[in-house]
């Protein structure tokens with residue numbers, strides 16, 4: 001293995017011989033020069049792994065040499081060393097994207113630490129993350145085995161997502177091990193939901209559900225006289241929230257951050273309508289039949305969201321003037337930015353951002369998007385890129401500027417599926433791959449969560465004998481006709497509607513402007 005090559009430019013280089021010998025004994029090869037001109041000549045002749053540059057040298061100064069170095073070798077880390085503590089010099093150096101800034105006198109260990117930080121940090125972080133996750137693996141497995149409450153599952157899912165992001169960031173080789181543990185956790189979580197879901201709908205103690213979000217997190221802010229933006233990002237998972245949250249840290253304080261449990265099916269027609277109405281789907285159908293859209297209707301399933309918001313305000317006797325905006329593409333986002341000042345005319349502004357849901361569907365239908373989002377990490381990256389570079393971040397900046405309280409959540413998450421299950425249904429059976437409902441569904445009961453009395457689960461029953469079935473973990477439904485084609489087409493696509501931590505345990509965040 002070749003030694004890493006370091007260029008050290010300092011007009012007092014002879015006084016630094018002990019430092020150089022120390023670094024050479026640590027396995028580095030050091031090339032020394034005494035001025036900026038020789039440093040620039042050296043980088044035209046050799047490729048260096050790192051450059052140490054004295055700021056105050058005769059002739060070409062360190063700062064002047066740094067500008068040329070960044071042109072010729074922009075990716076080489078540069079450590080600037082100076083006797084000066086003047087802030088303007090420090091600002092110039094940092095503004096030139098140096099890797100580190102040290103003030104003389106420096107000792108050999110300082111130099112070594114800075115070199116390791118810039119040349120070996122990736123390997124060191126990977127080793128540390130790998131070791132730490134191996135140590136935690138058994139503890140997490142024990143938590144999964146012993147989980148008895150929804151709070152236990154919130155903690156487990158938070159832990160798994162934290163490790164997922166840490167391992168991805170470190171480039172660790174623990175991804176397969178973590179995926180296996182996530183699958184084990186999802187299997188246990190799905191059994192937990194099967195055992196408890198029905199009683200959650202009637203018990204006094206139950207997880208916070210979709211139909212309770214408005215009452216518990218939006219109304220108290222309105223009652224306190226706050227200007228509120230209620231933002232629902234469709235199909236938005238916990239790992240995606242953790243990815244974009246750093247982008248908001250300069251503009252918002254996080255007042256609260258938690259998970260809540262979506263209702264079944266984890267699909268827009270049910271979960272989002274429950275959020276906006278404050279009702280379970282069966283109650284929406286009963287109380288507001290003109291606002292409920294059946295599965296077999298050709299009408300859009302979420303066309304009545306604004307009227308549903310009005311129903312909950314009326315039911316709780318809140319005279320709240322609100323706006324409703326759904327953003328389906330960048331053009332709509334740009335229009336909302338241009339007209340943002342008009343939101344000040346309302347006590348409450350409800351905003352639905354549909355990009356992530358569109359990305360999920362495009363991931364299924366577009367070969368190019370499949371290539372771009374071929375892993376969960378790539379899926380997060382695309383979400384982060386949309387949020388950072390499109391209208392979304394600018395929208396949140398405007399909310400912060402104008403002092404809004406922001407309640408940010410989603411209707412459901414999504415899971416990457418990889419295991420097909422055969423289902424046979426009538427011609428008008430719904431097309432969702434994670435849940436089905438109908439009169440004559442043919443399936444293996446051991447492979448699904450089945451509901452034969454929908455009203456006991458808060459669900460409409462289009463027919464007397466309607467049955468709902470839900471896929472669990474990473475399963476998806478496929479019909480026997482053209483079975484192999486559909487298995488190949490849908491494997492590793494992102495789907496929602498069923499039971500998994502990714503779909504059911506979703507973020508709910510309250511933000512206040514800084």
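Laboratory data are not the source of any read-out in this text; all were calculated from the coordinates shown. Please read these numbers as outputs of a predicted model, since none were measured by experiment. Neighbour counts run over all protein chains shown; Cβ positions are idealised from the backbone, glycine included.
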For this session: Considering (1) touching a strand residue (DSSP E or B) at 6+ places or on another chain (Cβ under 9 Å); (2) under 22 Å from residue 292 (Cβ atoms); (3) surrounded by 13 or more Cβ atoms within 10 Å (Cβ to Cβ), say which one residue 455 fails and leave the rest.
Result: (1)
For this session: Scan the range 249-258 residue by residue and report those that are surrounded by fewer than 22 Cβ atoms within 10 Å (Cβ to Cβ) and either touching a helix residue (DSSP H, G or I) at 6+ places or on another chain (Cβ under 7 Å) or within 18 Å of residue 503 (Cα to Cα) (or both).
Result: 251, 257, 258
For this session: Those residues that are in contact (Cβ under 8 Å) with a residue 60 or more places away in the chain, farther than 18 Å from residue 233 by Cα and not in a helix (DSSP H, G or I), I need them from the range 307-358; list them, please.
Result: 316, 318, 320, 347
For this session: Considering only residues that are touching a residue at least 40 places away in the same chain (Cβ under 8 Å) and under 17 Å from residue 55 (Cβ atoms), look in the range 3-18 and name the one that is surrounded by the fewest Cβ atoms within 10 Å (Cβ to Cβ).
Result: 12
Exercise. If we scan the range 199-215, do we find a residue that is under 26 Å from the mean Cα position of the chain (by Cα), over 15 Å from residue 154 (Cβ atoms) and without any contact (Cβ under 8 Å) to a residue 24 or more places away in the chain?
Worked result: no
Exercise. Going through the range 129-161 one residue at a time, which ones are touching a residue at least 40 places away in the same chain (Cβ under 8 Å) and within 30 Å of residue 50 (Cβ to Cβ)?
Worked result: 129, 130, 133
For this session: Provide a single number: the residues in the range 397-429 that are farther than 30 Å from residue 161 by Cα and touching a residue at least 12 places away in the same chain (Cβ under 8 Å).
Result: 10
Seminar exercise, completed: The strands (runs of 3 or more DSSP E) lying wholly within the range 416-486 that contain at least 3 residues that are under 24 Å from residue 357 (Cβ atoms) are 419-422, 435-438, 467-470, 475-478
Exercise. Of the residues in the range 20-55, how many are farther than 13 Å from residue 3 by Cα and in contact (Cβ under 8 Å) with a residue 40 or more places away in the chain?
Worked result: 6
Exercise. Inside the range 398-415, can you point out the residues that are surrounded by 15 or more Cβ atoms within 10 Å (Cβ to Cβ) and assigned to a helix (DSSP H, G or I)?
Worked result: 398, 399, 400
